[in-house]
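Beneath this line is the structure, given in structure tokens, with notes to follow.
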Amino acid sequence: EELVQQMMDDLYDGLREEIEEAVQILLDRGWAPYDVLTKSLVAGMTIVGHDFRDGILFVPEVLLAANAMKGGMAILKPLLAETGAPRMGKMVIGTVKGDIHDIGKNLVSMMMEGAGFEVVDLGINNPVENYIEAAQREEADIIGMSALLTTTMPYMKIVIDTMKEQGIREDFIILVGGAPLNEEFGRAIGADAYCRDAAVAVETAKEFMT
Ligand code: B1M
């Protein structure tokens, strides 16, 4: 599809309005919101990630790309949440301390809401206390943690260890995710599950709730 190629270029160039228009066009053509999300926006951001890693793109450019992606996501959000699914449970989710990446987390929040979960989003850069206070206050079923940096993912273990020390670890299901994680890491830090992507997060959360 030509438009999808164009969208990847526009995302790369951080053109928010163009991305918003193109998302709308794909929807008008009958694309499923989830396909628009994964096949154009997420795919485009993967390319941005590669050139960021290789030193071809820099932070300001990647911020623009992220901003364009958020524009597209804002259009898709209500559509992904429109399922009228029965309430499944409650999740608090946030990106861990030291880490400001939030696109993946936002996507997980959107998909969880779409699947009928109530989601309390703690945003970025969350210390241990934020997770614990919010989970207890909200009487959440699930705590979700996101990390995109190899330097911040160990913080997830600090959160879980602190909960163990306080004797509240077993009060919550703990799901973790983010590009540098894997299943083995999830197990090693004592999470209930590692979720590769937003769809897996939804499936995993559902399994734990039934
Ligand atoms: Co940053 N960054 N970044 N960055 N950035 C990465 C992560 C990096 C891999 C790029 C690279 O080098 N190839 C690299 C990390 C290297 C490493 O640690 N191994 C990196 C770096 C180095 C940095 C800085 C240190 C750069 C610098 O300043 N020199 C800096 C750190 C800032 C900080 O956090 N303290 C930095 C900054 C930024 C921006 C601010 C410019 C911007 C973030 C904007 C924003 O989020 N609002 C940014 C971006 C955009 C990226 C890349 C390009 C894209 C991330 C993204 O949004 N992906 C990224 C490269 C990459 O990942 N390929 C990169 C799309 C998103 C949909 O995927 O987040 O993986 P993802 O989420 C997925 C799954 O992982 C999973 O589901 C999601 C949806 O399917 N998931 C969960 C995620 N969280 C979950 C939680 C769950 C479940 C599933 O809970 C239950």
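For the residues 148, 41, 63, a GNM of the chain with alpha-carbon springs under 10 Å puts the largest fluctuation on 63. On the chain, 53 percent of the accessible area sits on carbon and sulfur atoms, based on a 1.4 Å probe.
Extension gain, residue 196 to residue 124, is 24.0 nm, computed as 0.36 nm per intervening residue step minus the present C-alpha separation.
Using a simple spin-label model with pseudo-atoms 7 Å out from Cα toward Cβ, residue 164 and residue 47 lie 4.4 nm apart.
Residues in region 156-164 carry Karplus couplings, in order, of 4, 5, 4, 4, 5, 4, 5, 5, 4 Hz; the curve used is 6.51 cos²θ - 1.76 cosθ + 1.60 with θ = phi - 60°, and Gly or Pro positions show x. Taking 136, 166, 24 in turn, the Gaussian network model of the chain (Cα-Cα springs below 10 Å) assigns the largest fluctuation to 166. Given a cut-off of 25 Å, name the pairs among 77/164; 39/97; 70/164; 77/105; 70/157; 39/105 whose C-alpha atoms lie farther apart than that in the structure shown. Result: 77/164; 39/97; 70/164; 70/157 exceed 25 Å. Ordering of 168-178, 123-133 by packing is 168-178, 123-133, highest average first (other Cβ atoms within 10 Å, averaged per residue). Would region 11-80 count as rounded, prolate or oblate if I go by the C-alpha gyration tensor, calling it rounded below 1.5 in a/c and otherwise prolate when a/b exceeds b/c, oblate otherwise? In terms of gyration-tensor shape, prolate. Across region 187-199, rounded Karplus estimates of 3J(HN,Hα) from the backbone phi angles (6.51 cos²θ - 1.76 cosθ + 1.60, θ = phi - 60°) give 5, 4, 8, x, 6, 6, 6, 9, 10, 4, 8, 5, 5 Hz, Gly and Pro being marked x.
GNM on the chain, alpha-carbon springs under 10 angstrom: the most fluctuating residue among 188, 68, 140 is 188. Per residue, the chain exposes an accessible area of 49 Å² to a 1.4 Å probe, with every protein chain left in place. Calculated mean residue ellipticity at 222 nm for the chain: -16500 deg cm²/dmol, from DSSP H runs with n ≥ 4 weighted as -39500 (n - 2.57), summed, divided by the residue count and rounded to 500.
Spacing of the modelled spin labels on residue 182 and residue 137, each 7 Å from Cα toward Cβ, amounts to 3.8 nm.
Our coupling estimate for region 38-54, obtained by passing each phi through the Karplus curve with A = 6.51, B = -1.76, C = 1.60 and θ = phi - 60°, is 7, 7, 10, 6, 5, 4, x, 5, 5, 5, 4, x, 5, 6, 5, 4, 7 Hz, Gly and Pro reported as x. Compute the distance from the alpha-carbon center of region 22-92 to that of region 111-161, in whole Å. Centre-to-centre distance over Cα atoms comes out at 21 Å.
Global dimensions of region 106-180 from alpha-carbon coordinates: Rg and Dmax equal 12.2, 34 Å.
The values are calculated or read from the model by the stated rules, or taken from the named source; none is laboratory data. The model shown is predicted, which means the values in this text are computed figures rather than measured ones. Glycine gets a Cβ as well: all are built from the backbone with ideal geometry, and neighbour counts include every protein chain shown. Only protein heavy atoms, including side chains, enter the accessible area calculation; ligands, DNA and RNA are left aside. Shrake-Rupley method; radii C 1.70, N 1.55, O 1.52, S 1.80 Å.
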